[in-house]
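Heads up, the thing below is written out as structure tokens.
Here, each number is a calculation from the coordinates, and none is a lab measurement. Please read all numbers here as calculations on a predicted model, not as lab measurements. Glycine also receives a Cβ, built like all others from the backbone with ideal geometry; neighbour counts cover every protein chain displayed.
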Number of protein chains: 2
Amino acid sequence: MQQALAAARQSLYITSPNPRVGCVIVHHNQIIARGATQMAGGAHAEVMAIRQAQSQGFTAWDEAVFYVTLEPCSHHGRTPPCVEALIALKPKQVVIAMLDPNPVVAGRGVQQLRTAGIEVITGVETEAALVINVGFVSRMVRNLPWVWLKTASSLDGRTALANGESKWITGAAARLDGQQFRARSCVVLTGIGTVLADDPQLNVRDIATPRQPIRAVIDSQLRFPLDAKMLDGHPVWIFTCVQQPDRLQPLADKNAQVIVLNANADGQVDLHSVMRWLAQQQINEVHVEAGARLNGALLQAGYVDSLISYIAPVLLGEGRPVTQINPLSHLDQAYRFELLQSQKVGDDVRLIMRQPQSWHTLLSHLQQLSQ
Amino acid sequence: MQQALAAARQSLYITSPNPRVGCVIVHHNQIIARGATQMAGGAHAEVMAIRQAQSQGFTAWDEAVFYVTLEPCSHHGRTPPCVEALIALKPKQVVIAMLDPNPVVAGRGVQQLRTAGIEVITGVETEAALVINVGFVSRMVRNLPWVWLKTASSLDGRTALANGESKWITGAAARLDGQQFRARSCVVLTGIGTVLADDPQLNVRDIATPRQPIRAVIDSQLRFPLDAKMLDGHPVWIFTCVQQPDRLQPLADKNAQVIVLNANADGQVDLHSVMRWLAQQQINEVHVEAGARLNGALLQAGYVDSLISYIAPVLLGEGRPVTQINPLSHLDQAYRFELLQSQKVGDDVRLIMRQPQSWHTLLSHLQQLSQ
């Protein structure tokens with residue numbers, strides 16, 4: 001299963017909106033083939049592995065064991081169901097890390113395999129499999145994408161000096177490292193304040209990927225400038241809550257789509273509407289790189305599921321904060337995460353954290369599916 | 001030498017004001033004895049190792065190699081010079097990690113060994129040896145102690161909420177871990193603000209040590225309360241810049257010594273005078289646990305040599321800062337450290353950092369000594 005998980009991780013940047021899946025075929029305790037899900041519409045992991053085995057002339061399917069990181073699909077999507085391919089071969093055993101929370105699968109794949117007389121084991125390395133597909137599972141279970149918030153700050157929590165100077169607090173290695181989290185996301189989200197102040201591209205530049213995430217901007221008053229660097233021909237989504245019909249066509253000409261959503265009491269785009277809309281567009285993972293205001297709004301609304309903090313070993317004193325949130329009166333109101341990993345990246349440190357309740361919701365759903 | 005360094009580390013809590021030294025005796029590529037410096041006035045590492053070898057009946061000294069983390073002393077201190085003991089045995093070779101920057105040694109030990117016909121190799125693992133005795137070397141080279149600043153904060157650099165609530169941001173494991181840095185220090189330093197607000201003991205409680213560091217407080221206006229928990233019978237030093245003769249005796253009765261030093265332009269105790277005074281008292285390492293004001297004053301005065309930051313995976317928004325410093329107008333004025341280590345400690349992360357220039361001063365001095 002470790003090998004199958006490793007195969008799934010190789011598809012981290014490409015399969016969206018489909019889950020990343022790895023498959024390993026074992027015969028007499030030897031791995032004879034591996035497969036990983038291709039870009040959406042391409043072959044699934046099981047099919048890739050079967051093809052590899054067949055290309056080597058393998059035929060002893062009744063002695064073969066399949067290790068798959070996700071329950072094989074039982075429905076016709078853009079490709080025929082993997083379950084049918086497996087049943088046709090009738091391997092000895094199929095070992096599955098987690099069931100597919102997609103309601104059109106959700107145990108049916110396992111059931112069909114068993115009905116066909118194939119031995120099935122489930123629940124092996126479920127947590128590791130969930131890490132790889134946390135966004136897909138979130139969309140299926142919660143009807144919300146999984147939101148990663150990335151921050152880069154000093155030891156004393158400053159993202160810029162009081163005068164706005166921010167280049168650079170963290171180093172080049174940290175900035176490069178951050179792009180891998182953009183690359184795995186479906187959408188990179190920021191606020192109009194960041195667009196106006198920094199004019200970022202927010203694309204994946206320095207690591208190889210065949211797929212660029214869509215850039216999205218919360219822009220309540222629709223101030224998005226037509227000369228923004230982000231308008232590079234790749235799609236941009238702009239969420240607003242004002243109607244300005246004359247601005248739509250010039251933006252559309254640059255491949256920027258304006259989505260008008262509800263406003264909240266403060267006249268800002270309602271974040272819940274944003275998240276629901278993104279889930280409807282089959283967005284699994286959202287990667288946020290924004291200023292204190294949007295960071296704080298997402299945090300307070302409970303939408304920050306993972307936090308990636310790059311911290312430079314530097315003290316700045318006064319400056320711009322990571323988040324702008326309402327003052328807390330007790331420490332038990334603090335926004336507390338689970339620290340999963342700390343690692344030096346160049347001269348800085350990267351902390352990877354997770355919101356415990358978000359994780360628990362997804363994991364317990366998968367565990368219930370297995371019962 | 002790795003074994004000798006490990007032996008030296010075993011004396012980390014006890015030898016102050018003497019350096020921590022480890023010694024390993026090797027015969028035919030076998031370690032036959034180890035020694036580490038005992039409490040001040042006790043035996044040095046070389047003598048401990050020699051005694052151990054002799055107790056086993058070892059006599060083949062002309063085939064023995066000594067690995068010592070610090071140049072053997074050539075002067076009569078509280079114990080006779082180790083060089084004399086070595087010359088009496090005349091081993092084949094002595095390998096030394098770093099020369100002793102103490103001006104009364106500073107190469108004389110090596111010279112005397114060589115004159116006696118013993119082969120001497122120096123400069124093996126000098127940096128690792130300096131890490132262990134950074135405070136001793138600092139005092140010898142700079143006439144200043146090495147200052148560790150410990151902070152405990154949220155991800156966004158808060159040590160407490162705006163209302164002062166600070167119990168607890170970091171967890172019990174981090175608080176326990178922090179005591180090892182107290183235990184290795186000669187003095188634990190804080191400010192009167194912390195004494196009045198938190199009434200801390202600042203002693204070593206939860207790890208075994210035969211020696212308590214002296215507690216010291218910067219208390220410019222001599223406001224130290226007679227019922228402070230810190231007045232527990234162990235010595236306390238109070239630095240002030242006001243004369244209040246009637247307050248001295250009640251404090252002295254509780255083993256607290258008041259030291260009157262120069263004031264700076266703001267009427268605060270001059271920090272340079274504090275550091276010089278501490279060095280005169282043979283204080284090698286100072287461990288600071290203080291509030292934003294003293295932290296900031298030490299940082300701005302250039303006295304923070306090592307920084308230990310415990311960071312909790314929590315966002316608090318507004319609150320008390322780690323340091324209070326003058327606003328910076330450019331990022332190149334930032335107080336930047338070198339990140340040496342990041343490690344999870346319980347639910348939190350611990351970063352160990354060093355001021356590059358401070359380290360360079362000490363290391364280059366040792367390297368020049370070796371030439």
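With respect to the symmetry axis carrying chain A onto chain B, which residue of chain A exhibits the smallest Cβ distance to that axis, and what is the value in whole Å?
For the rotation taking chain A to chain B, the closest Cβ gives A:Gly157, 1.
Tell me which of B:Thr79, B:Phe181, B:Thr194 sits at the most positive position along the dipole axis of chain B, charges placed on C-beta atoms (Lys, Arg +1; Asp, Glu -1).
In chain B, that residue is B:Thr79.
Taking a label point 7 Å from Cα toward Cβ, how far is A:Pro210 from its twins in the other copies, in nm, shortest first?
Copy-to-copy label distances at A:Pro210, shortest first: 6.8 nm.
Determine ³J(HN,Hα), in whole Hz, for all residues of region A:227-236 in sequence, where each value follows from phi through the Karplus function 6.51 cos²θ - 1.76 cosθ + 1.60 and θ = phi - 60°; x replaces Gly and Pro.
Karplus values, whole Hz, x for Gly and Pro: 9, 4, 4, 5, 7, 9, x, 6, x, 10.
Distance between Cα centroids, region A:14-88 to region B:331-371: provide it in whole Å.
Here the answer is 50 Å between Cα centres.
Rounded, prolate or oblate: which one fits the protein assembly as shown, using the alpha carbon gyration tensor with axes a ≥ b ≥ c (rounded when a/c is under 1.5, else prolate when a/b beats b/c, else oblate)?
Here the protein assembly as shown falls in the oblate category.
For the pair B:Lys167 and A:Gln52, how long in nm is the line joining their label points, each one 7 Å along Cα→Cβ?
It is 5.8 nm.
Under a point-charge model restricted to the Cβ atoms of Lys and Arg (+1) and Asp and Glu (-1), what is the dipole moment magnitude of region B:287-340 relative to its Cα centre, in debye to the nearest 20?
Charge dipole of region B:287-340: 140 debye, to the nearest 20.
Of the trypsin sites (Lys or Arg not before Pro) in region A:175-234, which ones lie in a loop per DSSP and count no more than 16 other C-beta atoms within 10 Å?
Counting only loop positions with at most 16 other Cβ atoms within 10 Å, the trypsin sites (Lys or Arg not before Pro) in region A:175-234 are A:Arg205, A:Arg211, A:Arg223, A:Lys229.
Can you list, shortest first and in nm, the gaps between the label point of B:Ser329 and those of its counterparts in the other copies, using a point 7 Å from Cα in the C-beta direction?
Counterpart label points of B:Ser329 in the remaining copies fall at 4.2 nm.
Divide by every residue of chain A the summed helix terms, -39500 (n - 2.57) for each DSSP H run of at least 4, and state the resulting mean residue ellipticity at 222 nm, rounded to the nearest 500 deg cm²/dmol.
Here the helix-only value at 222 nm equals -9000 deg cm²/dmol.
Each label point is 7 Å from the Cα along the Cα-to-Cβ direction; what then is the distance between the points at A:Arg223 and B:Asp227, in nm?
5.5 nm
May I ask which residue of B:Leu307, B:His360, B:Ile121 lies farthest towards the positive end of the charge dipole of the protein assembly as shown, with charges of +1 (Lys, Arg) and -1 (Asp, Glu) on Cβ and the Cα centre as origin?
Of B:Leu307, B:His360, B:Ile121, it is B:Ile121.
Could you calculate the contour length gain from A:Asp246 to A:Ile207, that is, 0.36 nm times the residue separation minus the distance between their Cα atoms, to one decimal place in nm?
10.3 nm
Could you check the simple spin-label distance between A:His234 and A:Lys92, using points 7 Å along Cα→Cβ, in nm with one decimal?
It works out to 4.6 nm between the two label points.
Can you give the net charge of the other residues whose Cβ lies under 10 Å from the Cβ of B:Ile14, counting K and R as +1 and D and E as -1?
+3
Can you tell me the FRET efficiency between B:Leu176 and A:Arg276 if r is taken as the Cβ-Cβ distance and R0 is 60 Å, rounded to the nearest 0.05?
According to the calculation, E is roughly 0.85.
Residues with beta-carbon under 14 Å from that of B:Asp332, excluding B:Asp332: net charge, scoring Lys, Arg +1 and Asp, Glu -1?
Residues near B:Asp332 contribute +1 overall.
Using θ = phi - 60° and the Karplus relation 6.51 cos²θ - 1.76 cosθ + 1.60, list the HN-Hα couplings for region B:308-318 in order, rounded to whole Hz, with x at every Gly or Pro.
Result, ordered by residue: 10, 10, 8, 10, 8, x, 9, 10, 10, x, 6 Hz.
Taking H as built 1.01 Å from N, whose amide H comes closer than 5 Å to the amide H of B:Ile121, not counting residues under 5 places away?
Close amide H contacts, sequence-distant or interchain: B:Val94, B:Val95, B:Ile96.
Using 10 Å bins from zero, what percent of all Cα-Cα pairs in chain B falls into each bin?
Bins of 10 Å from zero give 5, 22, 29, 23, 14, 6, 1 percent of pairs.
Return the long-range amide H neighbours of A:Leu189 (sequence gap of 5 or more, or a different chain), with a cut-off of under 5 Å between placed amide H atoms.
Amide H to amide H, under 5 Å and 5 or more residues apart or across chains, A:Leu189 pairs with A:Ala216, A:His287, A:Val288, A:Glu289.
Which net charge results for the neighbourhood of A:Val314, defined as the other residues with beta-carbon distances under 10 angstrom from its beta-carbon, given Lys and Arg at +1 and Asp and Glu at -1?
-1
Karplus couplings for region B:117-130 from phi (6.51 cos²θ - 1.76 cosθ + 1.60, θ = phi - 60°), rounded to Hz, Gly and Pro as x?
Coupling constants for region B:117-130: x, 9, 6, 10, 10, 10, x, 8, 6, 4, 5, 5, 5, 5 Hz.
About the Cα centre of region A:192-233, what is the dipole size in debye to 20, counting +1 per Lys and Arg Cβ and -1 per Asp and Glu Cβ, all else neutral?
It works out to roughly 160 debye.
Using DSSP to call loops (not H, G, I, E or B), can you name the trypsin sites (Lys or Arg not before Pro) in region B:30-129 whose Cβ has at most 13 other Cβ atoms within 10 angstrom?
Hits after loop and neighbour filter: B:Arg78.
With +1 on the Cβ of every Lys and Arg and -1 on the Cβ of every Asp and Glu, and nothing else charged, how large is the dipole of the protein assembly as shown about its Cα centre, in debye rounded to the nearest 20?
That gives the protein assembly as shown a dipole magnitude of about 540 debye.
Set the bar at 27 Å for Cα to Cα. Now go through A:Lys344/B:Lys229; A:Lys167/A:Lys344; B:Lys167/B:Lys344; B:Lys229/B:Lys344; A:Lys150/A:Lys344; A:Lys150/B:Lys344 and name every pair that lies beyond it.
In this structure, A:Lys344/B:Lys229; B:Lys229/B:Lys344 lie more than 27 Å apart at Cα.
Would you please give the residues with an amide H less than 5 Å from that of B:Val258, counting only those at least 5 places away or on a separate chain, with H modeled from the backbone geometry?
B:Ile238
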